[in-house]
1. Looking at the structure I just gave you, is SER62 modelled with pLDDT of 85 or more, under 21 Å from SER191 (Cβ atoms) and among the polar types (S, T, N, Q)?
2. Go over the candidates ARG234, ARG243 one by one and state the one that is surrounded by 13 or more Cβ atoms within 10 Å (Cβ to Cβ) and either basic (Lys, Arg) or part of a loop (DSSP other than H, G, I, E, B) (or both).
3. Would you call PHE311 assigned to a helix (DSSP H, G or I), among the aromatic types (Phe, Trp, Tyr), within 20 Å of SER251 (Cα to Cα) and under 21 Å from the mean Cα position of the chain (by Cα)?
4. For the range 364-372, indicate whether the set of residues that are closer than 28 Å to ALA223 by Cα, surrounded by fewer than 22 Cβ atoms within 10 Å (Cβ to Cβ), touching a residue at least 40 places away in the same chain (Cβ under 8 Å) and of a type outside the set (Phe, Trp, Tyr) is non-empty.
5. Given the options PHE337, PHE355, name the one that is part of a helix (DSSP H, G or I), hydrophobic (A, V, I, L, M, F, W, C), in contact with a helix residue (DSSP H, G or I) (Cβ under 7 Å, 6 or more places away or on another chain) and crowded, with 24+ Cβ neighbours inside 10 Å.
6. For the structure I just gave you, tell me whether SER364 is polar (S, T, N, Q) and modelled with pLDDT under 95.
7. Right, LEU305: touching a residue at least 12 places away in the same chain (Cβ under 8 Å) and either farther than 30 Å from SER216 by Cα or not in a helix (DSSP H, G or I) (or both) or not?
8. Say whether the condition of being aliphatic (A, V, I, L, M), within 24 Å of ILE374 (Cβ to Cβ) and at pLDDT 75 or above is met by at least one residue in the range 31-42.
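The values are calculated or read from the model by the stated rules, or taken from the named source; none is laboratory data. The shown structure was predicted, so the numbers you read here are calculated from the model rather than taken from an experiment. Here the Cβ positions follow ideal geometry from the backbone for every residue, glycine too, while neighbour counts run over all protein chains shown.
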Amino acid sequence: MRSASTSRMAIASLVGTALEYFDFAVYNSMAAIVFNRLFFPTVDPLTGTILAFATFAVGYGSRPLGGLVFGRLGDRRGRRFVLVATLVMMGASTFAIGLLPTYESLGITSPLLLVMFRFLQGAALGGEWAGAVLLSVEHGETQRRGRNGAWAQMGPALGTLVATASIAIITASVSTESFQAWGWRLPFLLSFLLMAFGLWVRTGVPETPLFESLRSQRAMAAAPIREVLRDWWRRLLIAGGARIGPDVQYSLLIVFTLTYLTTVLHQSRSLALTAVSIGCLCSVFAVPYFGALSDRLGRRPVYGLGLLLAFVWAALYFELINRAGPVLLVIAVAAGFLIHAVMYGPQGAFITEQFPTRVRYAGSSLAYTMVGIIGGGLAPVIFTLLLRRYGTLAISVYLVAALSISAVAIASARETSRRPLD
């Protein structure tokens, strides 16, 4: 394949997940900062935060539906078809949230519509991730699958970085009153332009050679979901289990940290957003490095190193940010993102390598979405409830338990970095 085509594949894989996670991160940040007052003003602030995070969990709850529907379509209609459909679905839902009247104007209908759009966001993202990874992995060479899979893995950090940076710029440019009145809408409305750019990139890429070969031989799975659950359920458990720990850690960093710093530690919103933005920037560069490192050392050794570092970080995180000044606080958050990148870099290749081509989209989507409910969707709500009743030590124990599940999954897996995809 020509280098120009390879570059476009990488950009298409990256830009899709970046745009999807930009939309997701804008919502997550607003849920942590203002949605408790705008959409749930009739309850106390902490309960409003729990309800706002519950709508965050709805997006994770709808991911399996997206994984089921789009996973089947991805193995039947092709990777490219699904990637365009999910991008439009996510962008349109996010744009609609930017136009949504608040509770003051629309009453109970307003949070109900918020939940509906959040549901559509999650369903779109549930079908997006596997296709974005497969676009680059199935086009690439065996010895570079870790690096190629990491292009899509860069998307969450890059999208989150752009989202938090845009929110930081807006909050610095307008008063608190103006931000709560209309400023919070701007990042959501910006998604329309980002969606248009993503569509332009993705409609210009071809279908993957492996799927085209299946289609030419008429060898596609008639019922890919059923085939995964029947024949590949052990691999599904391994792939899903590997995600739980990193997912919980990412939710702690990207969602709960904003709330904890601003409402519990009474740090400024700008400091909290700066810490998350610097962490995301570190992750953007670290993810492809560790993806490529897994091509040389193997998926399991690199993933295992990340888990070991995450255990140590989980034990120290709250002690650091509770007592540290601004500089050490930012370092503690950034270290969390770097450690997450050690696992997240090889994760895309690791998960997709568990399944054959005929069911790879369905299997990867199920592993990504089913576990996402437990690993990421409910995590912010659980964090808040644990904080209210037991304090930060319970949150650290919860994270350690999630990381332990991932450690068992990685220990049970075979090394896949040098095996052919089929």
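1. Working: modelled with pLDDT of 85 or more: no; under 21 Å from SER191 (Cβ atoms): yes; among the polar types (S, T, N, Q): yes.
No.
2. Working: ARG234 fails: surrounded by 13 or more Cβ atoms within 10 Å (Cβ to Cβ).
Answer to the check: ARG243.
3. On the way: assigned to a helix (DSSP H, G or I): yes; among the aromatic types (Phe, Trp, Tyr): yes; within 20 Å of SER251 (Cα to Cα): yes; under 21 Å from the mean Cα position of the chain (by Cα): yes.
When the stated conditions are applied, PHE311 passes them.
4. Taking the range 364-372 as the starting set, the residues that turn out to be closer than 28 Å to ALA223 by Cα are 364-372.
If we keep only those that are surrounded by fewer than 22 Cβ atoms within 10 Å (Cβ to Cβ) as well, we get 370.
If we keep only those that are touching a residue at least 40 places away in the same chain (Cβ under 8 Å) as well, we get 370.
From what is left, the residues that are of a type outside the set (Phe, Trp, Tyr) are 370.
Within the range 364-372, one or more residues are closer than 28 Å to ALA223 by Cα, surrounded by fewer than 22 Cβ atoms within 10 Å (Cβ to Cβ), touching a residue at least 40 places away in the same chain (Cβ under 8 Å) and of a type outside the set (Phe, Trp, Tyr).
5. On the way: PHE355 fails: part of a helix (DSSP H, G or I).
When all the criteria are applied, what remains is PHE337.
6. On the way: polar (S, T, N, Q): yes; modelled with pLDDT under 95: yes.
In short, yes.
7. On the way: touching a residue at least 12 places away in the same chain (Cβ under 8 Å): yes; either farther than 30 Å from SER216 by Cα or not in a helix (DSSP H, G or I) (or both): yes.
The answer is yes for LEU305.
8. Within the range 31-42, the first condition is being aliphatic (A, V, I, L, M), and the residues that meet it are 31-34, 38.
Restricting the remaining residues to those that are within 24 Å of ILE374 (Cβ to Cβ) gives 31-32.
Among the residues that remain, those that are also at pLDDT 75 or above are: none.
Within the range 31-42, none of the residues are aliphatic (A, V, I, L, M), within 24 Å of ILE374 (Cβ to Cβ) and at pLDDT 75 or above.
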